[in-house]
Amino acid sequence: WAVDMNGCFYSDCSPSKCKTLFPDTKPTYAQPTEAETAVWNQVSAVLEEAHGILAELQSYNGAGQEIREAIQNPGDLALQEKAWNAVCPLVAKLKRFYEFSLRLENALRSLLEALTSPPYAPMQHLEREQALAKQFAEILHFTLSFDELKMTNPAIQNDFSYYRRTISRNRLNNQQLEAENEVNNEMANRMSLFYAEATPMLKTLSNATTKFVSENKTLPIEDTTDCLSTMACVCRVMLETPEYRCRFTNTDTMLFCMRVMVGVIILYDHVHPVGAFAKTSKIDMKGCIKVLKEQPSNSVEGLLNALRYTTRHLHDDSTSKQIRALLQ
């Protein structure tokens, strides 16, 4: 893992150790041990599906044109049917995305249990279970990637709103549309809450982490927060140290590292009683924000917005004016 809790490099640091989290190479040490296999297999199945989810979301164009024509011509039944037929398969996709968030939540919980369980300390877990630590990072990378795409695609909420309005209108007219069998009212309500969030996947994981801590009262909260702060520290050091950063072979790896760093900061801020921005925080927030702001703005604006709008403690009195100014 290359760094201790304060960001100091271990004397036996090697390039391979420092790249546990990062996808430039696939070293053998990141393979699961026998003890890790059950959790690793569960999470691996979810991560395999994640690639397809991102590809579908990236190609999501929406039914804006069909919806506009239908709204502008309410008496034209052909245009109403055309808009409905365009929206239904898109809503089916949105349902798959939502259902995937539930599987992702379960995967995260399994990883948290494995990486915080007694008798080992968080650093020992991260050193012993490097394959699971890498999967944790991959989940955060997916989460931030999904939310960045969602935030820049207003068609998602427009399509779903039109779907719900049409369902309600037909229900008033005592008509039931076939699509209701796939997305019933209860499911539509849950999906509506999910997509109303600016960063729905991150919100799901933040809630899951908070719930994990509250349900495991015998587990010291530090076991969870130290795991998160250590990962944030590793990412920051990898990004700000030229000797390590130069080993990244492409910009995707840099982005991977930045997304993981922001993801663990947000989880830490939701779980820790005083959050990530306080002076007592084990995360060097000034250093993390600084390293983000050194990157091209088009690649990090979504990540900076995630820190601005999805953390809990940024505007607490304990947050220094300097940190708030950095995030202006």
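If you scan the stretch 191-203, which residues turn out to be in contact (Cβ under 8 Å) with a residue 24 or more places away in the chain and surrounded by fewer than 21 Cβ atoms within 10 Å (Cβ to Cβ)? Steps first, please.
Of the residues in the stretch 191-203, the ones in contact (Cβ under 8 Å) with a residue 24 or more places away in the chain are 191-192, 194-196, 198-203.
Across the stretch 191-203, the qualifying residues are S192, F194, Y195, A196, A198, K203.
Only one of these is part of a helix (DSSP H, G or I) and surrounded by fewer than 14 Cβ atoms within 10 Å (Cβ to Cβ): D317, D252. Name it.
Only one candidate qualifies: D252.
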- Just checking, how many residues over the stretch 297-309 are open to solvent by 80 Å² or more (accessible area, probe 1.4 Å) and of a type outside the set (S, T, Y)? 1
- Check whether at least one residue in the stretch 150-171 is open to solvent by less than 10 Å² (accessible area, probe 1.4 Å), within 18 Å of A50 (Cβ to Cβ), among the aromatic types (F, W, Y) and in contact (Cβ under 8 Å) with a residue 12 or more places away in the chain, and report yes or no. no
- Of all residues in the stretch 205-263 being closer than 15 Å to L126 by Cβ and of a type in the set (D, E), the one that is nearest to the chain's Cα centre (by Cα): D226
- Enumeration of residues in the stretch 75-94 that are open to solvent by 20 Å² or more (accessible area, probe 1.4 Å), farther than 30 Å from F136 by Cβ and under 30 Å from the mean Cα position of the chain (by Cα): A86, C88, P89, L90
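Considering L115, L126, which residue is within 19 Å of the chain's Cα centre (by Cα) and either buried (at least 17 other Cβ atoms within 10 Å of the Cβ) or among the hydrophobic types (A, V, I, L, M, F, W, C) (or both)?
Values: L126 fails: within 19 Å of the chain's Cα centre (by Cα).
Of the residues listed, the single one that is within 19 Å of the chain's Cα centre (by Cα) and either buried (at least 17 other Cβ atoms within 10 Å of the Cβ) or among the hydrophobic types (A, V, I, L, M, F, W, C) (or both) is L115.
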- Which ones in the stretch 267-285 are in a helix (DSSP H, G or I) and over 15 Å from I323 (Cβ atoms)? L267, H270, V271
- Message: If R312 satisfies all but one of (1) assigned to a helix (DSSP H, G or I); (2) open to solvent by 30 Å² or more (accessible area, probe 1.4 Å); (3) touching a helix residue (DSSP H, G or I) at 6+ places or on another chain (Cβ under 9 Å), what's the number of the condition it fails?
- Response: (1)
- Task: Taking E99 as the residue in question, decide whether it is under 28 Å from T166 (Cβ atoms), open to solvent by 50 Å² or more (accessible area, probe 1.4 Å) and acidic (D, E).
- Result: yes
- Item | Residues that are among the hydrophobic types (A, V, I, L, M, F, W, C) and in contact with a His (Cβ under 6 Å, 6 or more places away or on another chain), drawn from the stretch 230-259 | F256
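Could you grab me the full set of residues in the stretch 31-74 that are of a type in the set (G, A, S), open to solvent by less than 70 Å² (accessible area, probe 1.4 Å) and not in a helix (DSSP H, G or I)? So that I can check it myself, show each step before the final result.
Applying the first criterion (of a type in the set (G, A, S)) to the stretch 31-74 yields 35, 38, 44-45, 50, 52, 55, 59, 62-64, 70.
Filter again for open to solvent by less than 70 Å² (accessible area, probe 1.4 Å), leaving 44-45, 50, 52, 55, 59, 62-64, 70.
Of everything in the stretch 31-74, those that are of a type in the set (G, A, S), open to solvent by less than 70 Å² (accessible area, probe 1.4 Å) and not in a helix (DSSP H, G or I) turn out to be S59, G62, A63.
The values are calculated or read from the model by the stated rules, or taken from the named source; none is laboratory data. It should be emphasised that the depicted structure is a prediction, and the values quoted were computed from it without experimental measurement. For neighbour counting, all protein chains shown are included, and Cβ atoms are generated from backbone atoms with ideal geometry for every residue, glycine included. Please note that ligands, DNA and RNA were not included when accessible areas were found on the heavy atoms of the full protein model with its side chains. Shrake-Rupley method; radii C 1.70, N 1.55, O 1.52, S 1.80 Å.
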